[in-house]
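In what follows, a single structure is set out as structure tokens and then discussed.
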Amino acid sequence: MGLWKIEEKFDTLLSMVTLDESEIDTLYHFKNDLRQLEWLSVRALLNNLTGKDSRIIYNEEHKPFLYDGSYNISISHSQNFTSILLSKHMKVGIDLEYMSHRINKIAHKFINRHESITCDKSLEQLHLYIHWCAKEALYKICDKKDINFKENLTIKPFDIDATGTIMGIHHNNDIYEEYVLNYLVMDNYVIVYCFK
């Protein structure tokens, strides 16, 4: 797993990567400056983790893959951080979120009746963000197909700490899979990741 704090200017990040013509087109297609920095930071971090210029391609569900197939990859970014999880032999899922808004207003869209949220108002937002990130990580590891966060993903009850392990379930049609997810809280960010 790698984390990159985006502090560089555009030209500095651009100098850290080697892009082909289609990647240059993609980069300049983004009109938002922050989106360009995020995109470049992903490639800079990937090159740092793999020790080489690595190319990312995407399938029709926008799931990332390495062009040379050397690693399974999952990517997340929020605010000024980028995260990547790699594995040669396992599927991976990672989500990184900056806790910026009152997530409790949308909790009804992703929390189901089997899940338990703390009654402690001072911890409610963090608890909900860990649930959200865990479901995002599961969504990514399960290939993003036919998954409803509320109906098909369940996070078993857990106590909140700065770091920890939680259990997640993907249930869909004939599928029932349990996953161990690791989480950590860093400043105002939550990171959750898992392997399969």
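Just so you know, all these numbers are worked out from the coordinates, no wet-lab data involved. Small disclaimer: the values here were computed from a predicted structure and weren't measured. Cβ coordinates were reconstructed from backbone atoms using ideal geometry, including for glycine residues, and neighbour counts include every protein chain displayed.
Brief remarks follow.
- Using θ = phi - 60° and Karplus 6.51 cos²θ - 1.76 cosθ + 1.60, couplings along segment 144-156 (whole Hz; Gly, Pro as x): 6, 9, 6, 10, 9, 4, 7, 8, 10, 10, 10, 9, 5
- With kT/(6 pi eta Rh) evaluated at 20 °C and eta = 1.002 mPa s, and Rh the Kirkwood radius from Cα pairs, segment 6-121 diffuses with a coefficient of 131 µm²/s according to Stokes-Einstein.
- Placing a label point 7 Å from the Cα of residue 28 along the Cα-to-Cβ direction, no residue of segment 42-57 has its backbone N under 16 Å from that point.
- Adding -39500 (n - 2.57) for every DSSP H run of four residues or longer, then dividing by how many residues the chain holds, sets the calculated 222 nm ellipticity at -9000 deg cm²/dmol.
- Restraint check, 145/196; 121/144; 63/88, Cα-Cα greater than 28 Å: 121/144
- The chain: angle of helix 121-141 to the longest principal axis, Cα-based, in degrees nearest 10: 60
- In order along segment 88-98, the phi-based Karplus estimate (6.51 cos²θ - 1.76 cosθ + 1.60, θ = phi - 60°) of 3J(HN,Hα) comes to 6, 10, 10, 6, 9, x, 9, 9, 10, 9, 8 Hz; Gly and Pro are listed as x.
- Annotation: aspartates and glutamates with alpha-carbon distance below 19 angstrom to residue 150 (same-chain offsets under eight excluded): 95, 97, 115, 124, 136, 174, 177, 178.
- In percent, rounded to a whole number, the relative contact order of the chain is 17, using alpha-carbon pairs under 8 Å and six or more apart.
- Length-normalised contact order of segment 2-89 in % [C-alpha pairs under 8 Å, at least 6 apart]: 32
- What the Cα atoms of the chain give is an Rg and a Dmax of 17.3, 53 Å.
- Going by neighbour counts of Cβ atoms within 10 Å, the residues 101, 77, 170, 62 line up, fewest first, as 62, 101, 170, 77.
- A Förster radius of 22 Å combined with the Cβ-Cβ distance from residue 180 to residue 79 puts the calculated FRET efficiency at roughly 0.25.
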